[in-house]
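Structure record follows, encoded as structure tokens.
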Amino acid sequence: MKSAAALLVLALAAPVLAQSPAPPIEVKYTQFTLANGMHVILHEDHSVPIVTVNTWHHVGSANEQPGRTGFAHLFEHMMFQGSANVPETAHFALIEKAGGSLNGSTWLDRSARW
């Protein structure tokens, strides 16, 4: 019977223990602003051989006017359409050929790609 009581105590204590605050996470990073105004945040982690680039533009649906919506989402899709240095729609093929993947998103305050 003692083991049943011990199990009951553990079962009742588990939710309380699970609510303990997690220790703070410290992430070392460097940040600066380029001459063109782009704000850059860099973090290096050599524990895995992966490179990640995440570009955020402060253009989201909150910036749109009633009756003139969808531009932020359109902008998100246009980020993958080519440039002076990348042929039209070649972004996906170039990244995937190197073993990577890319995606994008739009929210109230930003449009992003990674």
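Per-structure values
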| quantity | calculated |
| --- | --- |
| Strands (runs of 3 or more DSSP E) contained entirely in segment 31-114, each with at least 2 residues that are loosely packed, with under 14 Cβ neighbours inside 10 Å and within 17 Å of the chain's Cα centre (by Cα) | 39-42 |
| All positions within segment 49-75 that are of a type outside the set (F, W, Y), out of contact with any helix residue (DSSP H, G or I) (no Cβ under 9 Å at 6 or more places or on another chain) and at pLDDT below 85 | H58 |
| Residue tally, condition among the hydrophobic types (A, V, I, L, M, F, W, C) and either over 21 Å from P49 (Cα atoms) or in contact (Cβ under 8 Å) with a residue 24 or more places away in the chain (or both), over segment 94-108 | 2 |
| Residue list for segment 55-114, filter: over 24 Å from H43 (Cα atoms) and among the hydroxyl-bearing types (S, T, Y) | S61, T69, S83, T89 |
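The values are calculated or read from the model by the stated rules, or taken from the named source; none is laboratory data. These figures come from a predicted structure and were not determined experimentally. For neighbour counting, all protein chains shown are included, and Cβ atoms are generated from backbone atoms with ideal geometry for every residue, glycine included.
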